[in-house]
Amino acid sequence: MFLLRRTTRILAKRKRQHRTMADQPSRLEMRARNIDYVRNALPGWAGGREENITDSLSRLGTWQGVDGIAALERGALEHGWAHIHTAWLYEALALRLRISRFQKQHVLGRFRWPRSLQLEASSVALCLAFGLVFKREFEVSFFGDALRVMLLDTTVVPDEYWQYHHLEPFLVQLLALVRGEVLNVAGDYRRSLGPYQAIIDRWGDVDGLREALFAACEYHCQRMQDESDEFSEEFTGAPFDVVPAEIMAVYAVRRELGLATPEVDHPLYKAPYVCPVGSPADISDELLDQVEREF
């Protein structure tokens, strides 16, 4: 009960922070600057501008996520989810560009920059989770393949990273389940699923699965706060701090497999944050289209 009260306070604080950020007049100016930078940098962008472009895209995605959460808090469900879908599209595009740039620099070995993708790993997992929810086959394939490489290749993500991070192995395991692949990430890849292992272990046990999902929700909320000096928490940025994409993905995968899933009674897994309106396919964004054409 004490932990549940603490979780409720964490969530309330985070939602309050998003409402405050969304009300800041300066956000419009900051967003406009990032949009202008991307548009101006795109022509002939190969000259060292890719990193700045991806950073701007990520910032724009974060602002969209903040506005989405704030709108859901006001009860503007359609408007809020449109922002959340747009946030995912911006972050997914930024990650695709970063990963592609990293791959192109493979020949540079230890001199490539960035030297690893460990800062991107949890965002890749969350983008994969959201893609699974909405059956975005291109992004699911791209991010699924990228995560597998991250898990296996220590020149892409160093081995010590996996001591503290379990979201990424879990999403690879979830993807294998929906694809019907015979894969045991914990055994075959030697990567721990941490608190998510119980979801896999209790996949066919309704009561056990409910408890495992509750524990995963608790884990999510504890990892929303950037408090550790040893590792980076996975769920610190909007919108996937408040929108539990990885839990939604469990429900989506089980629906795809024709399996009933018990409802979990947890403050994180509540409407409207787990009841999407529309989908990313409904979003039309001129800047995203422009970057895609150049990419």
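Laboratory data are not the source of any read-out in this text; all were calculated from the coordinates shown. Note that the structure is a prediction, hence the values are computed from the model and not measured. Quick reminder, even Gly has a Cβ in these numbers, built from the backbone with ideal geometry, and neighbours come from all protein chains shown.
Of note:
- Think of the chain as having a plus end and a minus end, set by charges on the Cβ of Lys, Arg, Asp and Glu; of 35, 280, 146, 35 sits farthest toward the positive end of this dipole.
- Once you reduce region 1-43 and region 204-230 to the center of their Cα atoms, the two points are 23 Å from each other.
- Least to most buried among 275, 217 (fewest other Cβ within 10 Å first): 275, 217
- Given charges at Cβ of Lys, Arg, Asp, Glu: the chain dipole, positive-most of 231, 20, 170: 20
- Ordering 220, 79, 18 from the fewest to the most neighbouring beta carbons within 10 Å gives 79, 18, 220.
- Calculated from backbone phi, Karplus (6.51, -1.76, 1.60) coupling profile of region 196-201 in Hz, x at Gly/Pro: 7, 4, 5, 5, 5, 5
- The loop-placed trypsin sites (Lys or Arg not before Pro) in region 153-203, going by DSSP, that have at most 15 neighbouring Cβ atoms within 10 Å of their Cβ come out as 190.
- Pairs spanning more than 30 Å between alpha-carbon atoms, out of 135/270; 13/104; 104/270: 13/104; 104/270.
- In the list (1) 1.04; (2) 0.93; (3) 0.95, the label attached to Rg/Rh (Cα atoms, Kirkwood Rh) as derived from the coordinates here is (3).
- Cα centroid separation, region 112-188 to region 260-287: 21 Å.
- When shorter helices are ignored and each DSSP H run of at least 4 residues is given -39500 (n - 2.57), the per-residue value for the chain at 222 nm works out to -19500 deg cm²/dmol.
- Nearby aspartates and glutamates by direct alpha-carbon distance to residue 15 (threshold 13 angstrom, same-chain neighbours under 8 apart not counted): 23, 67, 73, 241
- For region 157-168, the Karplus equation 6.51 cos²θ - 1.76 cosθ + 1.60, evaluated at θ = phi - 60°, returns couplings of 9, x, 4, 5, 4, 6, 5, 10, 10, 10, 4, 5 Hz by residue, with Gly and Pro reported as x.
- The residues 99, 69, when put in order of fewest to most other Cβ atoms within 10 Å, stand as 99, 69.
- Nearest-20 debye value, the chain charge dipole, Cβ charges on Lys, Arg, Asp, Glu: 360 debye
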